[in-house]
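Working notes, beginning with the structure itself.
The values are calculated or read from the model by the stated rules, or taken from the named source; none is laboratory data. Fair warning: this is a prediction, and the values are worked out from it, not measured in the lab. Reconstructed Cβ throughout: ideal geometry from the backbone, glycine too, with neighbour counts over all protein chains shown. What goes into the accessible areas is simple: the full protein's heavy atoms, side chains included, and nothing from ligands, DNA or RNA. Shrake-Rupley method; radii C 1.70, N 1.55, O 1.52, S 1.80 Å.
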Amino acid sequence: MNGNNAKEKASLLLIYTGGTIGMKQDPADLTLKPFNFGQILEEVPELAKFAYRIDSYSFDPIIDSSDMEPSSWQKLAALIYERYDEYDGFVVLHGTDTMSYSASALSFMLEGLTKPVIFTGSQLPIGMPRTDGKENLISAVEIAAEKDGHGHARVPEVCVCFDNMLMRGNRTTKVNADNFRAFRSENFPPLAEAGIYIRYNDAAIRKPDDWNRKPVLHTALDTRVSILKIHPGITPQVVRDILCGKETRAVIIETYGSGNAPSKPWFIELIRQAAGMGKILLNVSQCLAGSVNMDIYANGKILKDAGVSSGYDSTTESALAKLFHLMGENGDNGAVKEMLDRNLRGEISK
Ligand code: ASP
């Protein structure tokens, strides 16, 4: 089957969860209001030029992505799983604020994907003249429908498509609140770039072990994770509250540079205390690019010896989602630590 034939037959499900992209200015009072998503083709007539069947599904109520919850991810993952056989690909319209968290979560919840799940959104509402929403949506739709020479999905991954870049979802971070280039994937190259042509970086795209097997849906999530961001002047009280809280099962420690934290005795003592309580401690760098390596500096080595696991070059968003997923699946912290060290969905370079 050649690429064009595949495109003509492509069928896609467009899932609208909320966010700026689905807003339109009400001419009466000039406020931004969500538009009726059933009429997406009226709003973006360009989509009709693709010979795709595009169905849409809207969350009810739609939400600003600041209100995204693990229960929304469960709903989204279950929806994609239930409708999986009906479509060639899925496009998720989502607010930008938590898009990287949601894309990371979905990458862990849908194991063995054979079809694209492309998240996109916009910085300006789709109903505004200078919107980036139309371009983002059109590129996401085209990528979600794209097949390779064997009729397989070209990008069977959970991705974020934004400002002409297609990125692995669990590698992205929102870096800009104003600019159209809102997302970056510093530790992994783009999976595709849309210029005059969409150029795919096929070597970087993950492929399933078995194209004929339906993905495994994982919906169990354990959210007992807190994040400790190290900073000069951090106090023992604050560190103790976060590390040793009774309800906390895991702590992401956002460290400096290649995984360094203060070497003060009280700090190390608290790390040892939390590790002794059986808590999972995961070291992720505050830097956007580069990796944790606790063997380089003495301050990093102290953390490793005290029982802290390496998050390698993970984003914080992805580390959080991975912990929710692994802890939801495993009651045993030792098993979680062992799985944390593995590259499950391309989220770490290992
Ligand atoms: N607050 C909005 C949201 O994340 C911003 C956006 O859509 O870009 O839902």
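Consider ALA51 against the criteria (1) modelled with pLDDT under 95; (2) within 16 Å of the ligand (Cβ to nearest atom): it satisfies all of them except one. Which criterion is unmet?
ALA51 satisfies all of (1) modelled with pLDDT under 95; (2) within 16 Å of the ligand (Cβ to nearest atom) except (2).
Got a number for residues in the range 320-350 being within 28 Å of PRO190 (Cα to Cα), touching a Leu at 6+ places or on another chain (Cβ under 6 Å) and touching a residue at least 24 places away in the same chain (Cβ under 8 Å)?
Of the residues in the range 320-350, 1 are within 28 Å of PRO190 (Cα to Cα), touching a Leu at 6+ places or on another chain (Cβ under 6 Å) and touching a residue at least 24 places away in the same chain (Cβ under 8 Å).
Condition check: out of contact with any Ser or Thr (no Cβ under 8 Å at 6 or more places or on another chain), part of a helix (DSSP H, G or I) and within 12 Å of THR17 (Cβ to Cβ). Does LEU76 satisfy that?
no
Can you work out which of the residues in the range 1-38 that are open to solvent by 80 Å² or more (accessible area, probe 1.4 Å) and within 23 Å of ALA144 (Cα to Cα) is modelled with the highest pLDDT?
Ranking the qualifying residues of the range 1-38, first place goes to LYS9.
Could you run through the range 319-350 and say how many residues are β-branched (Val, Ile, Thr) and touching a Phe, Trp or Tyr at 6+ places or on another chain (Cβ under 6 Å)?
1
List every residue pair whose Cβ atoms sit under 6 Å apart, with the two residues 6 or more apart in sequence or on different chains, where the first one lies in the range 91-102 and is more than 6 Å from the ligand (Cβ to nearest atom) and the second, anywhere, is in a loop (DSSP other than H, G, I, E, B) and polar (S, T, N, Q).
These pairs meet every condition: HIS94/THR17; SER100/THR172.
Check ARG184 against each of (1) basic (Lys, Arg); (2) at pLDDT below 95; (3) under 15 Å from THR96 (Cα atoms) and name the one condition it does not meet.
(2)
A quick yes/no check of all residues on (1) at pLDDT 95 or above; (2) part of a helix (DSSP H, G or I); (3) surrounded by fewer than 14 Cβ atoms within 10 Å (Cβ to Cβ):
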| residue | (1), (2), (3) |
| --- | --- |
| LEU41 | no, yes, yes |
| GLU46 | no, yes, yes |
| TYR81 | yes, yes, no |
| SER107 | yes, yes, no |
| LEU113 | yes, no, no |
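Can you tell which of ASP60, ASP67 is within 11 Å of the ligand (Cβ to nearest atom), acidic (Asp, Glu) and within 16 Å of THR17 (Cβ to Cβ)?
ASP67
Residue-wise test of (1) open to solvent by less than 20 Å² (accessible area, probe 1.4 Å); (2) outside any loop (DSSP other than H, G, I, E, B); (3) touching a His at 6+ places or on another chain (Cβ under 9 Å).
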position	(1), (2), (3)
SER258	no, no, no
ASN283	yes, yes, no
MET294	yes, no, no
LYS304	no, yes, no
ALA335	no, yes, no
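Going residue by residue through the range 236-251, is there one that turns out to be within 20 Å of the chain's Cα centre (by Cα) and in contact (Cβ under 8 Å) with a residue 24 or more places away in the chain?
Within the range 236-251, one or more residues are within 20 Å of the chain's Cα centre (by Cα) and in contact (Cβ under 8 Å) with a residue 24 or more places away in the chain.
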